[in-house]
1. Restricting attention to the range 37-59, does a residue exist that is modelled with pLDDT of 95 or more, within 22 Å of Glu188 (Cα to Cα) and not hydrophobic (A, V, I, L, M, F, W, C)?
2. Would you check if there is a residue in the range 194-205 being at pLDDT 95 or above and in contact with a helix residue (DSSP H, G or I) (Cβ under 6 Å, 6 or more places away or on another chain)?
3. Do we find that Val78 is assigned to a helix (DSSP H, G or I), on the phi < 0 side of the Ramachandran plot and modelled with pLDDT of 95 or more in this structure?
4. Go through (1) within 24 Å of Tyr187 (Cβ to Cβ); (2) at pLDDT below 95; (3) touching a Leu at 6+ places or on another chain (Cβ under 9 Å) for Arg24 and report which single condition fails.
5. Quickly run through the range 172-210 and pick out the residues that are without any contact (Cβ under 8 Å) to a residue 12 or more places away in the chain and open to solvent by less than 30 Å² (accessible area, probe 1.4 Å).
6. Restricting attention to the range 137-171, and to residues there that are in a loop (DSSP other than H, G, I, E, B) and open to solvent by 20 Å² or more (accessible area, probe 1.4 Å), which single residue is nearest to Thr202 (Cα to Cα)?
7. Can you pull out every residue in the range 85-124 that is open to solvent by 30 Å² or more (accessible area, probe 1.4 Å), within 14 Å of the chain's Cα centre (by Cα) and within 20 Å of Val72 (Cα to Cα)?
Amino acid sequence: MHDHAGFVREHTVLAAVPLVPEVRIHTATEVLPIWRATSAWLDAHDLGVPFWCVPWAGGQALARWVLDRPEVVRGKRVLDFGTGSGLVAIAAALAGAASVRAVDVDAFAIAACRINAAANGVTIHAQCMDLVGAAVEEDLLLAGDVWYEAGPARRFAAWFEALPVAVVTGDPGRHYVPAAARELARYEVPTTLELESATTRTTRVLALGGRAV
């Protein structure tokens, strides 16, 4: 069995998130080498690049929004969809959510999420699974930077629309974010030329569907 947790620790350092310095996550100091290091395993398991190794702009903005407005999650059951590093899930737990479940299809992401949760002193139930199409028991669904590919974005949007819970996402201007989303907040998020070809990205926090947040 692959030592996912060991790999995460070996290839990252624990660092504060630029827009969310209250949270520290295991971050790749250089993105390209870690992408190369995981490529064979990812290809074998039909997964994409290791999104868990850096705090993407959409996740940073959504985590900042949650921490700035703790009443949105306080006492609620929260689902962090496509958790990656676990940043948004950690923010929800720190803001007082009654429970937080984090899901991702990448086993490395789940390992990173668990390690990062422990580093921040919070409890998160992390699951490696494809949840799209399933019912959820949570009160609120949070989804960071998930709108970068057309096929998955259509699948996510249809599922989110059918869910009987509020859905909030973070988006730094990806092509496939639903056009009807309602803006809740906007941030200038620090990023890197390596990730985004820019040093900052204007990133919106958006509500999907007509359900009150």
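The values are calculated or read from the model by the stated rules, or taken from the named source; none is laboratory data. These figures come from a predicted structure and were not determined experimentally. Please note: Cβ atoms are built from the backbone with ideal geometry, for glycine as well, and neighbour counts cover all protein chains shown. For the accessible areas, the whole protein counts, side chains as well, though only heavy atoms, and no ligand, DNA or RNA atoms are used. Shrake-Rupley method; radii C 1.70, N 1.55, O 1.52, S 1.80 Å.
1. Checked the range 37-59: at least one residue is modelled with pLDDT of 95 or more, within 22 Å of Glu188 (Cα to Cα) and not hydrophobic (A, V, I, L, M, F, W, C).
2. Yes; the residues of the range 194-205 include at least one that is at pLDDT 95 or above and in contact with a helix residue (DSSP H, G or I) (Cβ under 6 Å, 6 or more places away or on another chain).
3. Spelling it out, it is not the case that Val78 is assigned to a helix (DSSP H, G or I), on the phi < 0 side of the Ramachandran plot and modelled with pLDDT of 95 or more.
4. Among (1) within 24 Å of Tyr187 (Cβ to Cβ); (2) at pLDDT below 95; (3) touching a Leu at 6+ places or on another chain (Cβ under 9 Å), the lone unmet condition for Arg24 is (2).
5. Result: Ala198, single match.
6. Looking at residues that are in a loop (DSSP other than H, G, I, E, B) and open to solvent by 20 Å² or more (accessible area, probe 1.4 Å), I get Asp145.
7. Arg101
A quick yes/no check of all residues on (1) of a type in the set (S, T, N, Q); (2) within 20 Å of Ala15 (Cβ to Cβ):
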residue: Arg77; (1), (2): no, no
residue: Thr83; (1), (2): yes, yes
residue: Ile90; (1), (2): no, yes
residue: Leu94; (1), (2): no, yes
residue: Met129; (1), (2): no, no
